[in-house]
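K.L.:
Sharing a structure here in structure tokens format.
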Amino acid sequence: MPASYAYLGPEGTFTEVALRTLPEAATRELVPYVSVQSALDAVRAGEAEAAFVPIENSVEGGITTTLDELVAGTPLMIYREVLLSITFALLVRPGTKLSDIKTVTAHPAAQPQVRNWLRTHLPDALWESAASNADGARLVQEGRYDAAFAGEFAAARYGLEALETGIHDAENAQTRFVLVGRPARPAAPTGADKTSVVLWQRDDHPGGLRDLLGEFATRGINLMLLQSRPTGAGIGNYCFCVDAEGHISDRRMAEALMGLKRICLQVRYLGSYPRADVKPGEVRPPFPGTSDEEFVGAADWVARCQDGRF
């Protein structure tokens, strides 16, 4: 397997900045790809050890391109996550004034994060989506657009200047990125972990989603993300992407996944990995009755009852 990480490029993306915060990135070749799909396909094809891609932002929620790629195709697994605070700069060719801007571009996920600023300062500008924010900067450099929303750090890379900085509609906006590789044994639990799965219902019926969520709720497992995605099988056919607190080696998580496997048409396990938002000591303790010790004790009690030793 090549000692390289694929990432959503080109150079100068927020994805690259977030990737370089991982200590192991210093020992890998970092290879930019033109899209999330191509970066993940490089892992599936054995051309890269792992891919680093955005999966969620605090303004719009899940990045649908990434979620859909993880839902379909050859299974992949999440190993790490990184949170990055996001603010944008308006990058232009030198000499461009705000009144000169008729067209702007950026990654589609950027638009909801700058929509109000754009409405106030450039209400007549035409928005066009780019493959990434850095790619938008490249297109401005080539003269395809007048301005791009990207990280201020991308200006020097593409010979542009930041006409405006610190642009964001929501304070403390963050994007979550994940390191994705081929399936393998999950890393050992840290005490502050997250488990990601995709769930497909057997059929559409009243209370169907409640049944799925009940497998988590009855075991005291908190959900951190729940997003429906169309399966492509027709209107009304959805699967559910779920992030839940805990690790697959936790008894309560393992039992929840077993319960889901029983009642779902399909369950795709996307990995258990350390949370980026908290440290182990900051995680709240399990609800009463949901610790590993209590699960073991309950299983032992059932065994004694079966043996007539109660």
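K.L.:
Please give the net charge around residue 51, taking every other residue with its beta carbon less than 14 angstrom from that of residue 51, where Lys and Arg add +1 and Asp and Glu add -1.
P.N.:
Numbers: positive: 28, 44, 80, 182; negative: 16, 24, 29, 41, 47, 49, 69, 81.
Net charge in that neighbourhood comes out at -4.
K.L.:
Now for a different question. Which shape class, rounded, prolate or oblate, goes with the range 262-310 when its Cα gyration tensor gives a ≥ b ≥ c as root eigenvalues, a/c under 1.5 marks rounded, and past that a/b bigger than b/c marks prolate? Before the final figure, lay out each step's value.
P.N.:
Details: a/c = 3.86, a/b = 1.50, b/c = 2.58.
Cα axes put the range 262-310 in the oblate bin.
K.L.:
Can you classify the range 169-310 as rounded, prolate or oblate using the Cα gyration tensor, where a ≥ b ≥ c are the square roots of its eigenvalues, rounded means a/c under 1.5, and otherwise it's prolate if a/b beats b/c and oblate if not?
P.N.:
On the way: a/c = 1.98, a/b = 1.23, b/c = 1.61.
In terms of gyration-tensor shape, oblate.
K.L.:
In addition: How would you classify the range 233-303 from its alpha-carbon gyration tensor, with a ≥ b ≥ c the square roots of the eigenvalues: rounded for a/c under 1.5, else prolate if a/b is greater than b/c, otherwise oblate? The partial results should precede the final answer.
P.N.:
On the way: a/c = 2.86, a/b = 1.34, b/c = 2.14.
Since a/c reaches 1.5 but b/c is at least a/b, the shape of the range 233-303 is classed as oblate.
K.L.:
Just the accessible area per residue of the range 1-136, please: how many Å² with a 1.4 Å probe? Each step should come with its number before you reach the end.
P.N.:
Details: 5570 Å² over 136 residues.
Heavy-atom accessible area per residue stands at 41 Å².
K.L.:
Still on this structure: Using 0.36 nm times the number of residues separating residue 97 and residue 72, minus their current alpha carbon distance, what extension gain do you get?
P.N.:
Details: separation 25, 0.36 × 25 = 9.00 nm, distance 4.45 nm.
The residue 97-residue 72 span can extend by a further 4.6 nm.
K.L.:
Just the accessible area for residue 258, please: 1.4 Å probe, Å², rounded to the nearest 10?
P.N.:
Here the accessible area works out near 120 Å².
K.L.:
If the label point is 7 Å along Cα→Cβ of residue 261, which residues in the range 276-310 have backbone nitrogen under 20 Å from it?
P.N.:
Output list for this probe position: 292, 295-296, 299-300.
K.L.:
Quick check: at a probe of 1.4 Å, how many percent of the accessible area of the chain sits on carbon and sulfur atoms?
P.N.:
52
K.L.:
Given the -39500 (n - 2.57) contribution per DSSP H run of 4+ residues, what per-residue ellipticity at 222 nm results for the chain, rounded to the nearest 500 deg cm²/dmol? If you can, show how the numbers build up before the last one.
P.N.:
On the way: 9 runs with 85 residues, N = 310.
Computed ellipticity for the chain at 222 nm equals -8000 deg cm²/dmol.
K.L.:
For the range 152-216, report the accessible area per residue in Å² (1.4 Å probe, heavy atoms, rounded to an integer). Numbers along the way, then the final one.
P.N.:
Details: 3320 Å² over 65 residues.
So the range 152-216 comes to 51 Å² accessible per residue, rounded to a whole number.
K.L.:
May I pose another question? Working only with C-alpha atoms, what are the Rg and Dmax values of the chain, expressed in angstrom?
P.N.:
My reading of the Cα-based Rg and Dmax gives 22.3, 86 Å.
K.L.:
When N is the residue count of the range 228-273, what does its C-alpha Rg come to as a fraction of 2.2 N^0.38 Å? Mind dumping the intermediate values first?
P.N.:
Numbers: Rg = 12.3 Å, N = 46, 2.2 N^0.38 = 9.4 Å.
Ratio of Cα Rg to 2.2 N^0.38 Å: 1.31.
K.L.:
Run the simple label-point estimate for residue 287 and residue 174 please: 7 Å along Cα→C-beta, distance reported in nm.
P.N.:
2.4
K.L.:
Right, something else. How much length would be gained if the chain were fully extended between residue 190 and residue 217, taking 0.36 nm per residue of separation minus their Cα-Cα distance, in nm to one decimal? Please list the in-between numbers first.
P.N.:
Values: separation 27, 0.36 × 27 = 9.72 nm, distance 2.21 nm.
Length gained between residue 190 and residue 217: 7.5 nm.
K.L.:
Right, something else. Suppose a student asked you for the relative contact order of the chain, using Cα pairs under 8 Å spaced at least 6 residues apart; what percent would you report?
P.N.:
Working: 620 pairs, mean separation 62.0, N = 310.
Value for the chain: 20 percent.
K.L.:
Measure off 7 Å from each Cα along the Cα-to-Cβ vector at residue 227 and residue 20, then give the distance between these two points in nanometres to one decimal.
P.N.:
Here the modelled spin labels are 2.6 nm apart.
K.L.:
All other residues with a Cβ under 14 Å from the Cβ of residue 246 taken together, and with Lys, Arg as +1 and Asp, Glu as -1, what is their net charge?
P.N.:
Numbers: positive: 194, 219, 251, 252, 275, 284; negative: 193, 215, 243, 245, 250, 255, 292.
Local charge sum for residue 246: -1.
The values are calculated or read from the model by the stated rules, or taken from the named source; none is laboratory data. Everything numeric in this text was worked out from a predicted model, so none of it was measured. FYI the Cβ positions are ideal-geometry reconstructions off the backbone, even for glycines, and counts take in every protein chain you see. Keep in mind that these areas ignore ligands, DNA and RNA; they rest on the heavy atoms of the full protein, side chains included. Shrake-Rupley method; radii C 1.70, N 1.55, O 1.52, S 1.80 Å.
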